[in-house]
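Below: one structure, written as C-alpha cells.
The values are calculated or read from the model by the stated rules, or taken from the named source; none is laboratory data. Predicted, not measured: the structure shown is a model, and the values here were computed from it. Positions of Cβ are backbone-derived with ideal geometry, glycine not excepted, and every protein chain shown enters the neighbour counts. Note: accessible area is taken over every heavy atom of the protein model, side chains too, but ligands, DNA and RNA are not part of it. Shrake-Rupley method; radii C 1.70, N 1.55, O 1.52, S 1.80 Å.
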2 protein chains.
Amino acid sequence: MSKQDLSVVDVSEAACCAPLACEPLNATEADELAPLFKAIGDPVRLRLLSLIACHEGGEACVCDLTSAFDLTAPTISHHLKVLKQAGLIDSERRGTWVYYWINPQTLQRLSAILGPRQAAGLVRA
Amino acid sequence: MSKQDLSVVDVSEAACCAPLACEPLNATEADELAPLFKAIGDPVRLRLLSLIACHEGGEACVCDLTSAFDLTAPTISHHLKVLKQAGLIDSERRGTWVYYWINPQTLQRLSAILGPRQAAGLVRA
C-alpha cells in the first residue's frame, strides 16, 4: 500500500473502530434509549410505524391505519399513543381525523446506535 | 445540472425513496422483528450489548460484565440469555467462563430497518 492509499483513510471511521475510542453506553443513556426500542418491540407498533413511514406524503390518517389490522380502533389508538409518547411519531388533528408522521431524527439515532459505524460498537450516536 | 450529473444518481437509492417502492413490513416480518427490538428495549440488556460490542477483541467474559452493574450474577445471566435467544449475541464456554460476542448481521439488519435509506421508510432491509 502506498502512502497515498493511507492518506485517504477516513479518520473519523478509523477512530470509531479503534478499541480505545469505543465507549459503551452509560446507564443514563441506556435508560433514555431502552424505552424507545421497547416501544418498537411490539409487532403492531412496528407495523404502524412502517405503515406511517410508507404512506403517501409521509403521513397517515388514523383512518388509513385501522384497516390494516384486525384490531379495534381504541387498540390502534393505544399503540399510536405509545409510539407518540416515546417520541417516534408526531400527530396533528385536522377536522375529523388525526394525522401521524414519523420523527426521522429519533429513528436515525436508534439506527446509528445499532449500525455498522458502531460495529465496534453500540457507541454514542 | 448536466446529463452527466444525472447519470451518477444511485438508482437503488432513488428507488428506495420513490413512494411506489416503499413497501411496509408485513405482519410476518413484524412478528419476526419485534421480539428483537423488545430484547434491546431494556436498559440492562442495551448496556450489556454495548459493553460486549466495545470489549477488547469484540468479546467479553461474563466476569467482565457483572462488575458494571449493581445486579446479581443470575440476573445478568438471565439478561444475557434473553439477548442470546433473540439472536443478538452468541456465546461459548471456555473453561470456567462463558464468553459473549455480538451478532453483527442481526444488529445491522435492525439498524437498516430504522435507518436513513429507509427514511421513506421502515421497508424490508
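I want to confirm something. Restricting to region B:66-115 and keeping residues that are among the β-branched types (Val, Ile, Thr) and not in a strand (DSSP E or B), which single residue is most open to solvent (accessible area, probe 1.4 Å)?
B:THR96
Looking at region A:44-55, which of its residues are surrounded by 24 or more Cβ atoms within 10 Å (Cβ to Cβ) and within 7 Å of chain B (Cβ to nearest Cβ)?
A:LEU46, A:ARG47, A:LEU49, A:SER50, A:ALA53
Filter region A:35-65 down to residues that are in a helix (DSSP H, G or I), touching a residue at least 12 places away in the same chain (Cβ under 8 Å) and over 22 Å from B:ARG45 (Cα atoms), then give me how many there are.
Matching residues across region A:35-65 total 12.
Residues in region B:10-31: is at least one assigned to a helix (DSSP H, G or I), open to solvent by less than 30 Å² (accessible area, probe 1.4 Å), modelled with pLDDT of 95 or more and of a type outside the set (Ser, Thr, Tyr)?
Yes, some residue in region B:10-31 is assigned to a helix (DSSP H, G or I), open to solvent by less than 30 Å² (accessible area, probe 1.4 Å), modelled with pLDDT of 95 or more and of a type outside the set (Ser, Thr, Tyr).
Confirm whether A:LEU71 is away from chain B (no Cβ under 11 Å), over 30 Å from B:ALA68 (Cα atoms), in contact with a Phe, Trp or Tyr (Cβ under 7 Å, 6 or more places away or on another chain) and among the aliphatic types (A, V, I, L, M).
Values: away from chain B (no Cβ under 11 Å): yes; over 30 Å from B:ALA68 (Cα atoms): yes; in contact with a Phe, Trp or Tyr (Cβ under 7 Å, 6 or more places away or on another chain): no; among the aliphatic types (A, V, I, L, M): yes.
Against the criterion (away from chain B (no Cβ under 11 Å), over 30 Å from B:ALA68 (Cα atoms), in contact with a Phe, Trp or Tyr (Cβ under 7 Å, 6 or more places away or on another chain) and among the aliphatic types (A, V, I, L, M)), A:LEU71 does not qualify.
Looking only at region A:56-78, count how many residues are under 17 Å from the mean Cα position of the chain (by Cα) and either within 20 Å of B:ASP31 (Cα to Cα) or at pLDDT below 90 (or both). I'd like the intermediate steps shown before the answer.
Looking only at region A:56-78, we keep the residues that are under 17 Å from the mean Cα position of the chain (by Cα), and these are A:58-59.
Remaining after also requiring either within 20 Å of B:ASP31 (Cα to Cα) or at pLDDT below 90 (or both): A:58.
Summing the residues that are under 17 Å from the mean Cα position of the chain (by Cα) and either within 20 Å of B:ASP31 (Cα to Cα) or at pLDDT below 90 (or both) in region A:56-78 gives 1.
Starting from region A:95-111, take each residue that is touching a residue at least 60 places away in the same chain (Cβ under 8 Å) and more than 7 Å from chain B (Cβ to nearest Cβ) and list its partners that are open to solvent by less than 30 Å² (accessible area, probe 1.4 Å) and of a type in the set (Val, Ile, Thr), counting only C-beta distances under 9 angstrom and pairs at least six apart or across chains.
Note: pairs meeting the criteria are A:THR106/A:ILE89.
Please pick out the residue among B:GLY41, B:GLY58 that is open to solvent by less than 60 Å² (accessible area, probe 1.4 Å), within 9 Å of chain A (Cβ to nearest Cβ) and at negative phi.
Values: B:GLY58 fails: at negative phi.
The conditions single out B:GLY41.
Return yes when B:SER77 is among the hydroxyl-bearing types (Ser, Thr, Tyr) and more than 12 Å from every other protein chain (Cβ to nearest Cβ) and no when it is not. Outline the logic, then answer.
Numbers: among the hydroxyl-bearing types (Ser, Thr, Tyr): yes; more than 12 Å from every other protein chain (Cβ to nearest Cβ): yes.
So B:SER77 passes the test.
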